[in-house]
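Chemist: Take this structure, written in structure tokens, and hold onto it; I'll ask about it next.
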Amino acid sequence: MVDPTKQSRCPQLRKLIFRLGAIIGSLIFLLVAIEIGLHLTGHFLIKTIALDTAANPDAPSGFLAACFGDSVTYGPIDTTLRSYSYPAQLERLLRREHPTLGVRVLNEGICGANSADVIERLKSRLAAYTRAPDLLIVMAGTNDMWNLHAATPLKNGSASLPAGKQWLAKLETTRVGKLSAMLGLRGAALVNRLLETKGEGEQSRNWQTEDSRYVCVLHPELPEERPFLETWLRQDLAEIRRIGDAAGIPILIGLYHLSQMNPLIREAATQAGLPVCDPPGHGDAYWKMTGLLSSDGWHPNEKGYAVIARHFAACFESLALIRNAAEKK
């Protein structure tokens, strides 16, 4: 004899399974749709960024520098504020200091780029120029903590991620994963600002240090994760040096205003034999307490980019980069 209670449970169980399946199917469809949308949006944005940069520099007799990097190089996303990026302000500053040189500074920054992305940008742009720049400025590496796209050690098998982080590397291959990391990092910064109740002394700590634990794939201060980042930067900085040597163009490596990756970038650049421009400003408290950061708590604002521009100009003078380039003409 069939238990009537079991018969009554079967339809309910089937309904539950059907509902769960429908929910899971809807989520999968939504993620696929978002992924496709982000790919299309990314394709459009890359075209937009390319249009912002002249393919054929029109300074045939002047001093030409090209700045490569990520969002710190690209500057404000708002098109009405593009003239406040550090390359644009650096150009105006150098023109005032060297009025006879016809200085031009190109902005080759790409938001969210890691060091491998910057290398690809460097190769493609150098091939597109009708005139080689006199100097390359490269500021890259801080996004290597969370953006594993085309990471050099993963491509050539020279280093492996910690076992617990390998699944995150797979997530990073999707636009959804990258967007989640970026929104999580910036959202954590904004929430941290709204809920901040600590004293000024404790507030002066680097917000990126505090926020990175929420979303970063890798952390440069963890002994099990640092070796991968060291290997990656060492290989990429060596490749950047090789590209510069092959083109006969000097390269200056810039460190970030705020980044836990600065020590690793400096070490890799030194090993590659590249000159390094120290971090601008006077430490974390300087950036936090003087109104030089944007609302996300990490990217510079217009005044912050001016500080970076002045700092690079000072590095040029101390390393005699402009004078040496002018003497070669």
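The values are calculated or read from the model by the stated rules, or taken from the named source; none is laboratory data. No experiment lies behind these values; they were computed from the predicted model shown. As a convention, Cβ positions derive from the backbone with ideal geometry for all residues, glycine included, and neighbour counts pool all protein chains shown.
Chemist: Please work out which one of (1) in contact with a Ser or Thr (Cβ under 8 Å, 6 or more places away or on another chain); (2) assigned to a loop (DSSP other than H, G, I, E, B); (3) of a type outside the set (Asp, Glu); (4) loosely packed, with under 14 Cβ neighbours inside 10 Å is the condition residue 166 fails and give its number.
Modeler: Against the list (1) in contact with a Ser or Thr (Cβ under 8 Å, 6 or more places away or on another chain); (2) assigned to a loop (DSSP other than H, G, I, E, B); (3) of a type outside the set (Asp, Glu); (4) loosely packed, with under 14 Cβ neighbours inside 10 Å, residue 166 comes up short only on (2).
Chemist: Of all residues in the stretch 65-92 being at pLDDT 95 or above and aliphatic (A, V, I, L, M), which is surrounded by the fewest Cβ atoms within 10 Å (Cβ to Cβ)?
Modeler: The extreme case among them is 88.
Chemist: What are the residues in the stretch 71-86 that are farther than 22 Å from residue 281 by Cα and in a loop (DSSP other than H, G, I, E, B), if any?
Modeler: 77, 78 - these are the residues of the stretch 71-86 that are farther than 22 Å from residue 281 by Cα and in a loop (DSSP other than H, G, I, E, B).
One line per residue, one yes/no per condition, for (1) closer than 19 Å to residue 306 by Cα; (2) touching a Phe, Trp or Tyr at 6+ places or on another chain (Cβ under 9 Å); (3) of a type in the set (Asp, Glu):
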{"position": "81", "(1), (2), (3)": "yes, no, no"}
{"position": "89", "(1), (2), (3)": "yes, yes, no"}
{"position": "96", "(1), (2), (3)": "yes, no, no"}
{"position": "101", "(1), (2), (3)": "no, yes, no"}
{"position": "109", "(1), (2), (3)": "yes, yes, no"}
{"position": "115", "(1), (2), (3)": "no, yes, no"}
{"position": "121", "(1), (2), (3)": "no, yes, no"}
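Chemist: Further, regarding this structure: I'd like the residue in the stretch 104-118 that is in a helix (DSSP H, G or I) and touching a His at 6+ places or on another chain (Cβ under 9 Å) and, out of all such residues, is farthest from residue 234 (Cα to Cα).
Modeler: In the first step, residues of the stretch 104-118 are kept if they are in a helix (DSSP H, G or I); the result is 115-118.
Next, only the ones that are touching a His at 6+ places or on another chain (Cβ under 9 Å) stay: 116-117.
On the way: 116: 12, 117: 15 Å.
Selected residue: 117.
Chemist: Moving to a separate point now. Could you look through the stretch 202-228, keep only residues that are among the aromatic types (Phe, Trp, Tyr) and at pLDDT below 90, and pick out the one that is surrounded by the fewest Cβ atoms within 10 Å (Cβ to Cβ)?
Modeler: Residue satisfying both the conditions and the ranking: 214.
Chemist: Next question. What pairs come out if I take residues in the stretch 314-329 that are closer than 15 Å to residue 93 by Cα and pair them with residues that are at pLDDT below 85 whose C-beta lies under 7 Å away, six or more apart or interchain?
Modeler: 316/322
Chemist: Give the residue that is farthest from residue 144 (Cα to Cα), with candidates limited to residues of the stretch 87-105 that are in contact with a Leu (Cβ under 7 Å, 6 or more places away or on another chain) and aliphatic (A, V, I, L, M).
Modeler: Filtering the stretch 87-105 for residues that are in contact with a Leu (Cβ under 7 Å, 6 or more places away or on another chain) and aliphatic (A, V, I, L, M), the one farthest from residue 144 (Cα to Cα) comes out as 103.
Chemist: If you scan the stretch 21-46, which residues turn out to be at pLDDT 75 or above and aromatic (Phe, Trp, Tyr)?
Modeler: Residue satisfying the conditions is 29 alone.
Chemist: Then there's this: Scan the stretch 105-118 and tell me whether some residue there is over 28 Å from residue 229 (Cα atoms) and more than 17 Å from the chain's Cα centre (by Cα).
Modeler: Yes - at least one qualifying residue is present in the stretch 105-118.
Chemist: Quick test for you: out of 105, 118, pick the one residue that is surrounded by 22 or more Cβ atoms within 10 Å (Cβ to Cβ), more than 19 Å from residue 242 (Cα to Cα) and touching a strand residue (DSSP E or B) at 6+ places or on another chain (Cβ under 6 Å).
Modeler: That would be 105, the only listed residue that is surrounded by 22 or more Cβ atoms within 10 Å (Cβ to Cβ), more than 19 Å from residue 242 (Cα to Cα) and touching a strand residue (DSSP E or B) at 6+ places or on another chain (Cβ under 6 Å).
Chemist: Can residue 266 be described as out of contact with any Ser or Thr (no Cβ under 9 Å at 6 or more places or on another chain) and more than 22 Å from residue 232 (Cβ to Cβ)?
Modeler: For residue 266, the condition - out of contact with any Ser or Thr (no Cβ under 9 Å at 6 or more places or on another chain) and more than 22 Å from residue 232 (Cβ to Cβ) - is not met.
Chemist: Out of the helices (runs of 4 or more DSSP H) lying entirely within the stretch 229-329, which hold 3 or more residues that are under 22 Å from the mean Cα position of the chain (by Cα), modelled with pLDDT of 90 or more and crowded, with 19+ Cβ neighbours inside 10 Å?
Modeler: 262-272, 302-318
Chemist: Next question. Exactly one of these conditions fails for residue 143: (1) part of a strand (DSSP E or B); (2) under 19 Å from the mean Cα position of the chain (by Cα). Give me its number.
Modeler: Of the numbered conditions (1) part of a strand (DSSP E or B); (2) under 19 Å from the mean Cα position of the chain (by Cα), the odd one out for residue 143 is (1).
Chemist: Somewhere in the stretch 87-103, is a residue outside any helix (DSSP H, G or I), within 25 Å of residue 262 (Cβ to Cβ) and in contact with a helix residue (DSSP H, G or I) (Cβ under 6 Å, 6 or more places away or on another chain)? Steps first, answer last, please.
Modeler: Just the residues of the stretch 87-103 that are outside any helix (DSSP H, G or I), to begin with: 98-103.
This time we only want the ones that are within 25 Å of residue 262 (Cβ to Cβ), so: none.
No, that holds for no residue.
Chemist: While we're looking at this one, here's another question. Is the stretch 121-139 home to any residue that is assigned to a helix (DSSP H, G or I) and closer than 23 Å to residue 259 by Cβ?
Modeler: Yes: the stretch 121-139 contains one or more residues that are assigned to a helix (DSSP H, G or I) and closer than 23 Å to residue 259 by Cβ.
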